[in-house]
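Structure first, then comments.
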2 protein chains.
Amino acid sequence: MKRVRIVVAYDGTNYHGWQLQPNGVTIESVLNEKLTELLGEAISVIGASRTDSGVHSQGNVAVFDTENRMPADKICLALNQRLPEDIRVQSSEEVALSWHPRRCACVKKTYEYRVLNRRIEMPSCRLYSHFCHFALNLERMQAAARCLEGEHDFKSFCNVRTQAEDTVRTIYSLSVTRNEADMITIRVTGNGFLYNMVRILAGTLLAVGMGRLQPEDMETILAAKDRSAAGPTAPAKGLFLINIKYGE
Amino acid sequence: MKRVRIVVAYDGTNYHGWQLQPNGVTIESVLNEKLTELLGEAISVIGASRTDSGVHSQGNVAVFDTENRMPADKICLALNQRLPEDIRVQSSEEVALSWHPRRCACVKKTYEYRVLNRRIEMPSCRLYSHFCHFALNLERMQAAARCLEGEHDFKSFCNVRTQAEDTVRTIYSLSVTRNEADMITIRVTGNGFLYNMVRILAGTLLAVGMGRLQPEDMETILAAKDRSAAGPTAPAKGLFLINIKYGE
């Protein structure tokens, strides 16, 4: 038996998120189905990030065990031939049988949240960004972002339905940039994120950009340890899981 | 009566191009239908560029005449409320009754052709770029692009079904750039383009990038005045009409 790690990119538009659901097609259900077909045995993948319905990925990580003798690095292309065009495995490789994508002490996850900020929506951006027609103040958003970097208790930035007991996380970097096509990208790297944390960070930075919150409010929001202190949860379609790096 | 000019952005994925077709929904048919509803009289738009099926736009231009007293600049937002989300009018303004989007001596059109150049397709790019897994040589493509700038007879870069008698056009600039996300953008500005010309330019530059043609071949291809001398027509989904500027 061997354990195979795959890096999975997907367009989340037409999926009910990563995790198996009683109703609705998920990334996990499609991967299990196609890997089971390809390898001729029942396969169950274990994912690193159980992204929500509508969230996109350029580099989620998953593992599965197989008895099949197909070389691990050949699985990538063979699997892509069976997958729908909105899921593409970027790589496949053998890892130690003990390796687990959610039980690594040293991990860095990077997400991007994209906001199209102009007067009128651009149709070719609508599936992969949140549209905001209020003029956003980039400098204010950047000032607020700086207050959120570092190790903090992010309880205020966590969906109340969470099960996490420990809500302390470290954000290594949180940047806000704008390109010439009016796209604002909020890019965040951290050692882990609470349920909905990146979307709440984005919604809070948007509120700062619109002037509804002040950059200085970030300290008060963190200290409150209360979800209602932060801004709204930004829509799923603007969120991309960019990559997950393991310090191995 | 007044004449109104609109700038129209659309995601061409689900349309049979701009121009009215006996079968199939087109951008023109949707605009006519929704403007007729909005203004309470039969409206027929005249478009500047009759983009092909599957081609996208950030700034096509069209005009129509109306007796309705709604101020021209208010039509933009009112129309967007009726349009499907893959079409968005960016602006609307009154112009002279004599103004025509295809009868202006001085016009600059800019198109972009996008190619995702990496080993494996990225699902979130698949609708708005052509995927090419052969490694493309950017310097070669740039050298070939330089040979195509200026005034030339572009008959070799024109679909043979064209009706154009005069195939001389001027390309003001033709650039090839690559970003950190493996996206190659071919950006071309000219005084007009023949049928399929931008897609044939893109297909020819791709052939140069792959080594199947040499940058020096561009002169021979231009001189041949024969469609079969140039490279293939690149797929529609990578093409964006960026803007049309009128020297008024």
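Since every read-out is calculated from the coordinates, none of them should be taken as a lab result. These numbers were taken from a predicted model, which means no experiment stands behind them. Neighbour counts are summed over all protein chains in view; Cβ atoms, including those assigned to glycine, are modelled from backbone coordinates with ideal geometry.
Remarks
- Our coupling estimate for region A:12-19, obtained by passing each phi through the Karplus curve with A = 6.51, B = -1.76, C = 1.60 and θ = phi - 60°, is x, 3, 9, 10, 8, x, 6, 6 Hz, Gly and Pro reported as x.
- Sorting A:E180, B:E94, B:E28, B:E112 from the fewest to the most surrounding beta carbons within 10 angstrom yields A:E180, B:E94, B:E112, B:E28.
- Pairs of lysines in chain A (C-alpha under 27 Å apart; 8 or more residues apart or interchain): 25
- The rotation axis that maps chain A onto chain B passes nearest to the beta carbon of this chain A residue, listed with its distance in whole angstrom: A:L127, 4.
- Relative counts (whole %) of C-alpha pair distances in region A:107-246, using bins that are 10 Å wide: 13, 46, 33, 8, 0
- Beta bridge orientation in chain B: antiparallel %, DSSP, nearest 5: 90
- Shielding score for B:123-132, defined as the mean number of other chain Cβ atoms within 10 Å: 5
- Rg over Rh for chain A works out to 1.00, using Cα positions for both radii and the Kirkwood form for Rh.
- GNM top mover of A:S29, A:S49, A:S124 - chain A, alpha-carbon springs below 10 Å: A:S124
- Filtered trypsin sites (Lys or Arg not before Pro), region A:112-179: DSSP coil and at most 10 other beta carbons within 10 Å: A:R161
- Relative contact order for chain B, counting Cα pairs under 8 Å that sit 6 or more residues apart, in percent: 23
- Placing a label point 7 Å from the Cα of B:T36 along the Cα-to-Cβ direction, the residues of region B:1-22 with a backbone N closer than 14 Å are B:20-22.
- Of the residues B:K225, B:K74, the one with the fewest other Cβ atoms within 10 Å heads the list, and the complete ranking is B:K74, B:K225.
- Rh (Kirkwood; distinct C-alpha pairs) - region A:2-95, Å: 13.0
- Residue-averaged 222 nm ellipticity for chain A, from DSSP H runs of 4+ at -39500 (n - 2.57), nearest 500: -7000 deg cm²/dmol
- Taking the fewest neighbouring Cβ atoms within 10 Å as the starting point, the ordered list for A:L97, B:L222, A:L174 is A:L97, B:L222, A:L174.
- Here the protein assembly as shown was treated as a single set of alpha-carbon atoms; its pair distances binned every 10 Å from 0 give 4, 17, 23, 24, 19, 10, 3, 0 percent.
- Computed FRET value (nearest 0.05) for B:T162 with B:S98, which takes r as the C-beta separation and R₀ as 41 Å: 0.90
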